[in-house]
1. Name the residue that is farthest from the chain's Cα centre (by Cα), counting only residues in segment 180-192 that are of a type outside the set (Val, Ile, Thr) and crowded, with 18+ Cβ neighbours inside 10 Å.
2. With the structure loaded, tell me whether Ile213 is surrounded by 19 or more Cβ atoms within 10 Å (Cβ to Cβ) and more than 25 Å from Asn49 (Cβ to Cβ) or whether it fails that test.
3. Against the condition in contact with a Pro (Cβ under 6 Å, 6 or more places away or on another chain), over 22 Å from Arg242 (Cβ atoms), crowded, with 22+ Cβ neighbours inside 10 Å and not acidic (Asp, Glu), how does Ser67 come out, does it pass?
4. Looking only at segment 19-44, which residues are within 16 Å of Glu92 (Cα to Cα) and of a type in the set (D, E, K, R)?
5. Name the residue, out of Ile32, Ile65, Ile5, that is over 24 Å from Gly137 (Cα atoms) and not basic (Lys, Arg).
6. Considering only segment 150-201, state which residues are among the basic types (Lys, Arg) and either out of contact with any Pro (no Cβ under 9 Å at 6 or more places or on another chain) or closer than 25 Å to Leu235 by Cα (or both).
7. With a cut-off of at least 3 residues that are not aliphatic (A, V, I, L, M), name the strands (runs of 3 or more DSSP E) lying wholly within segment 129-243.
8. In segment 216-243, how many residues are surrounded by 19 or more Cβ atoms within 10 Å (Cβ to Cβ) and without any contact (Cβ under 8 Å) to a residue 60 or more places away in the chain?
Amino acid sequence: MKREIHSWHSPRLNKNMEIAVYGHYGFALLLIPTAAADFLEYERFHLLNSIKEPINAGKVKVFSINSINSESWMNSRMHPRDKSIRHQQFNEYVFEEVIPFIKTQTSDETDIISCGASLGALHAANLFFRRPDLFSGVIAMSGDYNLSSYTKGYHDQDVYFNSPEQYLSNLNDDRLLNSMRSSNHIHILSGSGPYENPDASRRLSGILNSKSIAHELDIWGYDMDHDWPTWRAMLPHYINTRF
């Protein structure tokens, strides 16, 4: 499997940010880490190995970035408003820096699918729903799509506008909604085993249904825990059968 590490100083985050690139061709899969992890988390936990065949076959090219959750919602020493601001800076880093980088490594026409597990699923879904003009779809595994679950009671406009469960319910912008409706790749997945929260996926699915946004809700069995074996089963299945 072809593997490259790139990095640059992000002006939006004011720090060096790395990105791991796997493969040589195919649609672009942008991986968002699970919690306070780094850009190599999915490699360490063998998720990349689980999709090595479609990567080597040129079906998908993977881009794995750092999270900044330890500098926002997972940092107990920060004021909640500062966490919220940092979260917004992360979004801008993805929109204004990572997406252009992916295009230099692929093409302007290449589909970009956001993807993540756990907290990474929330971020991946939020990135797509916020900017469906930049992303062609999302694969969200085992997510809770309300950022308030992580804010310990704090709420502001940035929390609202980064919680798909909140803002999608009230979204009436036809331009954005039609862009989402044009996607063939909105995949909301969850297990039903320990520490999974399939009802969060069901709630998001209900909101998408209310907005006539086609998507796939897929709830796996009680043997599927909130853990890496579940995600190592889900992701290759979807890449191999839906793309």
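Nothing in this text is a laboratory measurement; each read-out follows from the coordinates by a stated rule. In this text the structure is predicted, and so the values were computed from the model without any measurement. Don't worry about glycine lacking a Cβ; one is built from the backbone with ideal geometry, like all the others, and counts go over all protein chains shown.
1. Initially, segment 180-192 is screened for residues of a type outside the set (Val, Ile, Thr), giving 180-185, 187, 189-192.
Then keep just the ones that are crowded, with 18+ Cβ neighbours inside 10 Å; that gives 180, 183, 185, 187, 189-191.
On the way: Met180: 15, Ser183: 15, His185: 13, His187: 11, Leu189: 12, Ser190: 14, Gly191: 17 Å.
The extreme case among them is Gly191.
2. Working: surrounded by 19 or more Cβ atoms within 10 Å (Cβ to Cβ): yes; more than 25 Å from Asn49 (Cβ to Cβ): yes.
When the stated conditions are applied, Ile213 passes them.
3. Working: in contact with a Pro (Cβ under 6 Å, 6 or more places away or on another chain): yes; over 22 Å from Arg242 (Cβ atoms): yes; crowded, with 22+ Cβ neighbours inside 10 Å: yes; not acidic (Asp, Glu): yes.
Yes; evaluated as a whole, the condition is true for this residue.
4. If the condition is that a residue be within 16 Å of Glu92 (Cα to Cα) and of a type in the set (D, E, K, R), then no residue fits.
5. Numbers: Ile32 fails: over 24 Å from Gly137 (Cα atoms); Ile65 fails: over 24 Å from Gly137 (Cα atoms).
Selected residue: Ile5, the only one of Ile32, Ile65, Ile5 that is over 24 Å from Gly137 (Cα atoms) and not basic (Lys, Arg).
6. In the first step, residues of segment 150-201 are kept if they are among the basic types (Lys, Arg); the result is 152, 175, 181.
Those that are among the basic types (Lys, Arg) and either out of contact with any Pro (no Cβ under 9 Å at 6 or more places or on another chain) or closer than 25 Å to Leu235 by Cα (or both): Arg175, Arg181.
7. On the way: elements: 137-141, 185-190, 216-219.
Counting at least 3 such residues, we get 185-190.
8. The initial filter retains those residues of segment 216-243 that are surrounded by 19 or more Cβ atoms within 10 Å (Cβ to Cβ), namely 220, 224, 230-232, 234-235, 238-239.
With the extra rule that they be without any contact (Cβ under 8 Å) to a residue 60 or more places away in the chain, the set shrinks to 220, 224.
Residues in segment 216-243 being surrounded by 19 or more Cβ atoms within 10 Å (Cβ to Cβ) and without any contact (Cβ under 8 Å) to a residue 60 or more places away in the chain: 2 in total.
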